[in-house]
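*Asks:* First the structure, then my questions, so here it is.
Computed from the coordinates by the stated procedures, all read-outs in this text should not be read as laboratory data. None of the values given here were measured: they were computed from a predicted structure. Methodologically, a virtual Cβ is constructed for each residue, glycine included, from the backbone with ideal geometry; neighbour enumeration extends over all protein chains shown.
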Ligand SMILES: C[S@@+](CC[C@H](N)C(=O)[O-])C[C@H]1O[C@@H](n2cnc3c(N)ncnc32)[C@H](O)[C@@H]1O
């Protein structure tokens with residue numbers, strides 16, 4: 001049967017251009033964004049075009065295919081690496097109050113932070129573990145699709161003003177001291193103590209195409225699923241379910257859910273209104 005041509009409106013021509021761009025990126029670089037939600041994709045493509053000074057999506061596609069530096073910038077935009085410390089403060093409070101007491105019963109603890117962006121979330125969780133006296137027996141696997149973000153994460157240095165602005169979130173997460181207990185100030189940067197990443201392994205991992213690599217007591221994947229279409233959310237949830245030990249915990253962002261998780265009935269919410277779930281079967 002012949003494929004019916006679509007009626008040409010400017011919005012579906014744009015959709016065709018976006019699809020072609022994503023196909024091209026996938027064929028050229030192996031990064032598959034075809035199952036990402038359209039609205040945020042469209043926003044990052046528009047922002048990327050403005051940054052590169054290209055007038056059309058097709059021209060952007062051509063630039064991306066020929067210019068690897070342009071592709072690196074695209075990766076930063078399409079993945080939306082916006083983040084901050086103690087961003088999911090209520091979930092981290094719940095983590096301190098409900099999960100930490102259980103983690104104390106294990107001799108060693110494995111934690112996966114998927115989509116960790118530039119690392120602020122990793123240092124936040126490391127601080128909680130340190131304050132609760134569990135850091136020494138923990139190993140944190142911090143992963144992201146974007147190597148450039150991981151390179152920033154490894155430095156552990158951030159603009160001081162930004163970190164100072166997160167003190168309120170730290171307090172809301174149940175912190176009794178100050179984030180500044182864990183960094184030194186160099187010029188206008190907050191540089192986290194190197195000790196805080198002694199048990200952190202940073203690695204590239206793509207939730208679209210990579211598999212499980214360990215069994216974890218806790219998985220944090222905050223503010224990543226929101227960029228995925230339902231089928232891709234389902235894939236990521238399957239990966240998390242398969243990567244958790246029985247009675248392990250999954251934390252996802254406040255704007256996310258288990259709606260597209262086939263194993264949702266096998267989780268129990270740790271606390272009403274908080275997106276922290278315990279695997280119960
Ligand atoms: C909005 S940031 C969230 C950062 C942090 N988890 C937080 O909640 O603040 C989304 C991150 O997901 C990453 N990401 C997007 N697609 C990904 C994929 N397929 N696999 C792994 N990470 C991905 C991006 O590179 C980006 O760093």
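*Asks:* So for the pair residue 187, residue 281, with labels modelled 7 Å out along Cα→Cβ, what separation do we get in nm?
*Replies:* 5.8 nm
*Asks:* Between 0 and 90 degrees, rounded to the nearest ten: what's the tilt of helix 230-243 against the longest Cα principal axis of the chain?
*Replies:* Compared with the principal axis, the helix lies near 30 degrees.
*Asks:* Please report the antiparallel percentage of DSSP beta bridges with both residues in the chain, rounded to the nearest 5.
*Replies:* Details: 14 of 33 bridges.
So the antiparallel bridges in the chain amount to around 40 percent.
*Asks:* Moving on to the next point. Run the simple label-point estimate for residue 65 and residue 37 please: 7 Å along Cα→C-beta, distance reported in nm.
*Replies:* 3.0 nm
*Asks:* From Cα pairs below 8 angstrom and at least 6 apart in sequence, can you work out the relative contact order of region 10-78, rounded to a whole percent?
*Replies:* Relative contact order of region 10-78: 33 percent.
*Asks:* Another question about this same structure. Any idea what angle helix 68-78 forms with the longest principal axis of the chain, computed on alpha-carbon atoms, 0 to 90 degrees, nearest 10?
*Replies:* Helix 68-78 and the main axis of the chain meet at about 60 degrees.
*Asks:* Compute a Gaussian network model of the chain, connecting alpha carbons closer than 10 Å, and tell me which residue from 205, 217, 188 fluctuates the most.
*Replies:* Among 205, 217, 188, the largest mean-square fluctuation in the Gaussian network model of the chain belongs to 188.
*Asks:* Okay, next question. With the cut-off at 1.5 for a/c, could you classify region 86-211 from its C-alpha gyration tensor as rounded, prolate or oblate?
*Replies:* Oblate, because a/c is 1.5 or more while a/b does not exceed b/c.
*Asks:* Calculate how steeply helix 38-52 sits against the longest principal axis of the alpha-carbon atoms of the chain, using the helix alpha-carbon long axis, and give the answer as 0 to 90 degrees to the nearest 10.
*Replies:* 80 degrees
*Asks:* I would also like to ask the following. Once the cut-off is 23 Å, how many percent of the Cα-Cα pairs in the chain end up in the long-distance tail? Could the numbers behind the result be given before it?
*Replies:* Numbers: 22262 of 39340 pairs.
When all Cα pairs of the chain are counted, 57 percent exceed 23 Å.
*Asks:* A further question follows. Given labels modelled 7 Å from the Cα in the Cβ direction, how far is it in nm from residue 11 to residue 97?
*Replies:* 4.3 nm
*Asks:* Could you tell me which of rounded, prolate or oblate describes region 192-281, using a ≥ b ≥ c as the square roots of the eigenvalues of the alpha-carbon gyration tensor, with rounded for a/c under 1.5 and, failing that, prolate when a/b is larger than b/c and oblate otherwise?
*Replies:* The shape class here is prolate.
*Asks:* Using only helices, what value at 222 nm comes out for the chain when you add -39,500 (n - 2.57) per DSSP H run of length 4 or more and divide by the total residues, to the nearest 500 deg cm²/dmol?
*Replies:* The per-residue figure over the chain is -12000 deg cm²/dmol.
*Asks:* While we're here: Does region 10-78 come out rounded, prolate or oblate, given a ≥ b ≥ c as the square roots of the eigenvalues of its C-alpha gyration tensor, rounded meaning a/c under 1.5 and, failing that, prolate meaning a/b above b/c? Display every interim value, and only then the final one.
*Replies:* Numbers: a/c = 1.35, a/b = 1.14, b/c = 1.19.
Because its axes are fairly even, with a/c under 1.5, region 10-78 counts as rounded.
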